[in-house]
Structures are given as structure tokens and as C-alpha cells.
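The values are calculated or read from the model by the stated rules, or taken from the named source; none is laboratory data. As the structure is a prediction and not an experimental result, all values here were calculated from the model. With ligands, DNA and RNA removed, areas are computed over all heavy atoms of the protein, side chains included. Shrake-Rupley method; radii C 1.70, N 1.55, O 1.52, S 1.80 Å.
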Amino acid sequence: MAAAVPSASRTTVELALRGQRSDVRGRIFAGALLLTLLLSLLVLLVVLGTVINTAWPVLSSRGLGFLNGNLSSFEDRAGVRQGLIGSLVLISFVAVIAVPLGIAAAVYLQEYARDTPLNRILITNIRNLAGVPSIVYGILGVVVFAQTLRSVTGGLSYISGGLTLAVLVMPFMIIITMEALRAVPRGIREAAYGVGATRWEVVRSHVLPYAAPGVFTGAILALARAFGETAPLLLVGAITGYLTPGGSGNVIETLQGRYTALPMIIYNWARQPGEGWRHLTAAAVVALLAVILVVNLVAILLRNRYERKW
């Protein structure tokens, strides 16, 4: 028995020494990650500074006139108001359809569904769908929403574009929400069950509030991705040229009508020759980034509200 003590001590020392060497490698790896992050931020700042510098002549001379102007073939009249409205309407479809349905599907798969081969295949397919190129979703939107459901969506319209973006980000939203739910400590569920709570009460009052920061993070990423998508909108009828302003006061007719979005305006202006269009393109990029930052800020405030509770 006495001989076992030095042997155990020697093993403990050897494990500690191995842990020290592993920790050194871990610190080197963490340092490399930090360096990569700093380099990426440096590149981002350089690109952002270049874009703002290019856009400054338009932003300084026209200001709100640029944001409130309609599409035009003349450089001094072109604005992004229609693109801003179109992007916000499309994002509303994503926020109303993809986010709640994605959360509901994730709650069912993570908290209610049994671990069966069928459910495992379903989850695998959802993960695969999250990596499908966006142009494929554009083809899906044309075939299903713009053609098959033309009587409902109006063809190439706001509805078709919004539904296409909602389908595009829904797998991503489901995966992020499932990971957030999986990260909830098991003890929280067991404590709630121990006092007689039902499964729905556990999910509603304990699991979802605890996972809310992760869910909101997924919503932020999903909305940002949908806001900047161009390829699906090209196929689902977003206008790259001139869009007649105005329209009827009927909301349904407006949603079934033609539309444009900020990424489409940027895509169109970037193809135009001339220095003036280059400045307009950069100004539209700044407007796009500003709107994304505002949307992200709202989601971050909501996420921090739930983080303070826990």
C-alpha cells in the first residue's frame, strides 16, 4: 500500500506535466486565433474606410436627399428609398415567418421528438440545407412561389421574394436554436420537473428564457444574411433598373407587385460606367451597412435583456 503512494504521485506529476505542455500549445493556438482575428478586423477597417471615403462626396452633398430619392437613370437624382423600403419589407417576411417557425421546429426536435432514425435523418437534412447555395433557393422560389403559387403571390413580387428569403434562412435558424437549447444545463430541466412542472412549462418558463441569448444571436445572423442576399432576388424578380414609384393603397396589391432591394441597387449601380455611379454604389453600401447595424442593435438589446435575467 505504501508503494502505491509514490506511484500515484508520479502519475499525478506526469499528468500535470502533460497538461502544462498541452496548455502551452493551447496558448499558442489561442494567440494564433487572436492574431487572425486582428488581421481580419484590420482588413475590414481598411475596406470600410475605403467605402466611406468613396461614398463621402454623395453623402456630404446630398445627405437625406440620397436616402429619400427614387431610382433614376440620372446620377444626380438617383436614390435608395425604394431599395430601403423593399429590403425592410423582405426582412419583415423573414422576421415573421422564418424566426418563429425556426424556433418552433427547433423546440420540437430538441425537446419533444424522440431519438429515432427518421428524426436523425430529418436533422441531418436540415443541417445540409443550411449549406445549400443561395442561388438554389432562388430557383426554388421561382418554381414554387412565383409560378406554382402565382395566384396567391402575384408572381415575381414582394411575397415571392420574402418567402424565398424566409425558406433560405430557416434551416440556419433551426440549427442555431437547437444548439442554444442543447446548451441549457440539464439541472434546470430536472429541477423544474422535480416541482411538478409539465414539459411545456419547463420549456416555456425555464429552457427558452435561458436559451434566449443564443436564439437572438441566431436571429441576428439570419436577418443579416437575408438582408444582404442578391442571387435569390435576381431570380425571384427584384428589379435592377427603374421602378415606378407609388402604387395603390391596397396592401395586398402592393405586396403582389414588383419590387427592388438595396443589394439589387448596389448590383445595378456597380455595373454602370462612370465615376459618379461608383460614388453612388459606395453610398448605397454604406446605407446597407447602416440598416444592418440598426437591425442588429435592436436584436442585441433584446438579447442583453434576457442575459441580465440569468
| GNM, the chain, Cα, under 10 Å: largest mean-square fluctuation among L289, L168, L90? | L289
| Max mean-square fluctuation residue, GNM over the chain, Cα-Cα springs under 10 Å, options G196, G31, G49 | G31
| Volume of the Cα convex hull of the chain, divided per residue and given in Å³ | 215 Å³
| In Å², what does the accessible area per residue of region 86-262 work out to with a 1.4 Å probe? | 48 Å²
| task | May I ask you to compute the full-extension gain from N250 to I188, defined as 0.36 nm times their residue separation minus their alpha-carbon distance, rounded to one decimal in nm? | result | 17.4 nm
| task | Take the chain, connect every pair of alpha-carbon atoms lying under 10 Å apart with a spring to form a Gaussian network, then pick out the residue of Y259, Y108, Y210 with the largest mean-square fluctuation. | result | Y108
| If you roll a 1.4 Å probe over the chain with all protein chains in place, what percent of the accessible area is carbon or sulfur? | 67 percent
